[in-house]
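Asks: My structure is below; once you've seen it, I'll send some questions.
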Amino acid sequence: MNSPVTPSGSIWFRYASPASFYPLAGRLIPWFGAAAAILAIAGLYVGFAVAPTDWQQGEAYRIIFIHVPAAWMAMFTYLVMAFWCALSLAFNTRLSAMMAQALAPTGAMFAFVSLWTGAFWGRPTWGAYWVWDARLTSTLILLFLYLGFIALRASIDDPRRADRASAVLALVGVINVPIIYFSVRWWNTLHQGSTISMTAAPKMAQTMLVAMLLMTLAAWAYTIAVALYRVRSIMIEREALSGWVGDLERKAGPAAPTLTGATTR
Amino acid sequence: MKPAVATGAFGALWWACQRDLRLAMRSRAELAVIVVFFLLVTSLFPLAVSPDPVLLRAIAPGIAWVAALLASLLGLSRLFAADHGDGTLEQMVLAPAPLQALVAGKVLAHWLATGVPLVLLAPVVGLQFGLDTDAIAVLVASLALGTPILSWLGAIAAALTLGARGGSSLLALLVLPLAVPVLIFGAGAVESYGSGLGADAHLSLLGAGLIVVWVFGPAATALAVRIAHE
C-alpha cells in the first residue's frame, strides 16, 4: 500500500505522505505544546494580574482574554479546515483530509468556549446570558456547522468516502459562512438596534492588547499541537495495516504499549 | 418508461424531471403527508403561544417559514435514497448524459412535487394568522423564491448522506444551519413589507440565492452522488 518514502520528491509533497509526516508531527508537537503553555501562562498573567480594571465593565471584562481568542480561532480553524478539504478534493491526498478531520473537534471546542465565556461575560455586562446578537448567533451556527461536519464523518464507514463527503460539506459551509454572517447581522439590525454595541468599545489599554495577543498566539499554538497529536492518532488508526506502521512498531519493540493495541494483524 | 435517449443537458434534465414527477404522482400519499405536516405545524403555534391576533400576525411569516423549512426536510430522504437503493442512481452516474443535468431534473421535480404545494398553501396559513392580502402575496413570493433554494441545499445534503448511518436526523443537522440565510430573508421579506420598508431587498437577495444555487448546486450535488458511488 504505502511504499517507503523517497526523499527525492518535491519538498511540498514530501510531507504529504503520512509515513514521512508522522515523525515530523511527532517532533513538532512538544514545541507547539510548550509554546502554547508558556504563552497561555504569560497571557493569563498579563491579563489577570497586570492589565488595569476596566472603568466601565469592572473585572468582568477579563474573560475576553479567553473569549476573543477562542472566537477568532473558531472562525479561522473553519477556514483552515475548508482549505485542507479543498486540497483533499483537488489532489486526492489522504493527509489533507486527515488534517481536516483532526481540526474539526478543536474548532468546535473553541466555538463552544467562545459562546460559553460570552454568556458569562454577557450576564454582568448586558444583564443577560444570551442576546440574539449577530455575532453570537453566527458563532452558534458555526458550531452547528462543525457538529454537522463531525457527524457526517462519523456516520460514513468507509474513511475515504467520509473524507470526500465531509470535504464537500465543509466547502458548501465555507461559502455559506459569510452569507450567514451578513444575513444574521442584517436580520438583527432590522429587528432592533443593538442595545449595547460591541464594536464601540473604549480604546484598549496597551497591556490589554498584549494579553490578548499572547492568548491568541497561545490558542494558535494549542490548535496546532492538538491537531498534530490527533492527526498522528488518525494516521496510525487508518493506516494500521500498511508497511510504515509495521516498521514503526518493530522499531518501537514488542514492549511498546502505544501502537500494539490499535493494530490488528 | 422511456429509455434515456436524450444525452443533451436539457434533454437529460427534462427526462429526469418527468420521471421523478411520475414517480411522485404514484405515491401521492407521501406528498400529502408533507402538506398536512406543513398545515399541522403552523396550527400548533396559536395553541402553544396564544390566540392573540396581534401577536399571531407579527409571528406569522416566521411560523410559515419555519414550517416550510421543516416540511422540506421530510421529503428529502426520498430524493435519492430509493434510486440509490435499487441501483438507478448508479446507472445515472454511468449514463452518457451529464449527471449534473440528471440531478438538476430530480431536484426540479422534487421542488415541483413538495415545494410548490407549500407555496400554494401559504395563503391559507396567511389567512389563518390574519395577514392582509398584500402581505400574503409577499409571503407567497418569498416562498416561491426560497423553497427551490431549500430543495438544492437539501439535495446536496441528501446526496452526501447516501449510505450514511442515521440518515434523516443527520440530514436535519446538515441542512438547517445552511438554510439560516434563506429563513432570514424569506421571513424578513414579509416583516419588512409590514414595517413599511418594502420587500424588494429581501426578495432580490432570495432571487440572487436562487441563481447561486442553480449555478453551484448541480455541480456540488453531482459530486456528492459520485462520491457515494465510489
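Asks: Look through B:175, B:213, B:182 and report the one residue that is crowded, with 24+ Cβ neighbours inside 10 Å, among the hydrophobic types (A, V, I, L, M, F, W, C) and farther than 25 Å from residue B:87 by Cβ.
Replies: B:182
Asks: Applying the selection to the range B:144-186, what residues are away from every other protein chain (no Cβ under 11 Å) and polar (S, T, N, Q)?
Replies: Result: B:147, B:151, B:168.
Asks: Filter the range B:203-220 down to residues that are more than 9 Å from every other protein chain (Cβ to nearest Cβ) and of a type outside the set (Gly, Ala, Ser) and give me whichever is farthest from residue B:133 (Cα to Cα).
Replies: By that ranking, first place goes to B:218.
Asks: Among the candidates A:97, A:108, A:104, which residue alone is farther than 23 Å from residue A:179 by Cα, at pLDDT 85 or above and under 20 Å from the mean Cα position of the chain (by Cα)?
Replies: On the way: A:108 fails: farther than 23 Å from residue A:179 by Cα; A:104 fails: farther than 23 Å from residue A:179 by Cα.
The unique qualifying residue is A:97.
Asks: Away from every other protein chain (no Cβ under 14 Å) and not in a helix (DSSP H, G or I): is that true of residue B:131 in this structure?
Replies: So residue B:131 passes the test.
Asks: Is it the case, given these coordinates, that residue B:228 is within 11 Å of chain A (Cβ to nearest Cβ), at pLDDT below 90 and surrounded by fewer than 21 Cβ atoms within 10 Å (Cβ to Cβ)?
Replies: no
Asks: Scan the range B:82-108 for residues that are crowded, with 17+ Cβ neighbours inside 10 Å and of a type in the set (Gly, Ala, Ser) and jot them down.
Replies: Listed by number, the residues that qualify are B:97, B:101, B:104, B:105.
Asks: Within the set of pairs 6 or more residues apart or between chains, which connect a residue that is at the interface with another protein chain (Cβ under 8 Å from one of its Cβ atoms) inside the range A:140-164 to a residue that is basic (Lys, Arg) with Cβ atoms less than 7 Å apart?
Replies: Hits for this filter: A:155/B:165.
Asks: Please give the number of the condition residue A:128 fails out of (1) surrounded by fewer than 21 Cβ atoms within 10 Å (Cβ to Cβ); (2) among the small types (Gly, Ala, Ser); (3) assigned to a helix (DSSP H, G or I).
Replies: (3)
Asks: Within the range B:109-131, is there a residue that is under 19 Å from residue B:14 (Cα atoms), touching a residue at least 24 places away in the same chain (Cβ under 8 Å), polar (S, T, N, Q) and out of contact with any strand residue (DSSP E or B) (no Cβ under 8 Å at 6 or more places or on another chain)?
Replies: Within the range B:109-131 (the criterion being under 19 Å from residue B:14 (Cα atoms), touching a residue at least 24 places away in the same chain (Cβ under 8 Å), polar (S, T, N, Q) and out of contact with any strand residue (DSSP E or B) (no Cβ under 8 Å at 6 or more places or on another chain)), the answer is yes, since at least one residue qualifies.
Asks: For residue A:108, indicate whether it is buried (at least 20 other Cβ atoms within 10 Å of the Cβ) and in contact with a Leu (Cβ under 7 Å, 6 or more places away or on another chain).
Replies: Yes; evaluated as a whole, the condition is true for this residue.
Asks: State whether one or more residues within the range A:83-95 are under 17 Å from residue A:217 (Cβ atoms) and not basic (Lys, Arg).
Replies: no
Asks: Would you be able to say whether some residue in the range B:179-192 is touching a helix residue (DSSP H, G or I) at 6+ places or on another chain (Cβ under 9 Å) and more than 14 Å from residue B:65 (Cβ to Cβ)?
Replies: No, there is no match, as no residue in the range B:179-192 is touching a helix residue (DSSP H, G or I) at 6+ places or on another chain (Cβ under 9 Å) and more than 14 Å from residue B:65 (Cβ to Cβ).
Asks: Which of the residues spanning the range B:135-156 are of a type in the set (Gly, Ala, Ser) and in contact with a helix residue (DSSP H, G or I) (Cβ under 7 Å, 6 or more places away or on another chain)?
Replies: Result: B:135, B:141, B:142, B:144, B:146, B:151, B:154, B:155.
Asks: Which of (1) in a helix (DSSP H, G or I); (2) facing another protein chain (nearest Cβ under 9 Å); (3) modelled with pLDDT under 90 does residue B:189 not meet, given it meets every other one?
Replies: Against the list (1) in a helix (DSSP H, G or I); (2) facing another protein chain (nearest Cβ under 9 Å); (3) modelled with pLDDT under 90, residue B:189 comes up short only on (2).
Asks: Considering only the range A:167-178, state which residues are surrounded by 21 or more Cβ atoms within 10 Å (Cβ to Cβ) and more than 8 Å from chain B (Cβ to nearest Cβ).
Replies: Selection gives A:167, A:170.
The values are calculated or read from the model by the stated rules, or taken from the named source; none is laboratory data. Everything quoted here is computed from the prediction, not taken from an experiment. Backbone-built Cβ (ideal geometry, glycine too); neighbour counts: all protein chains shown.
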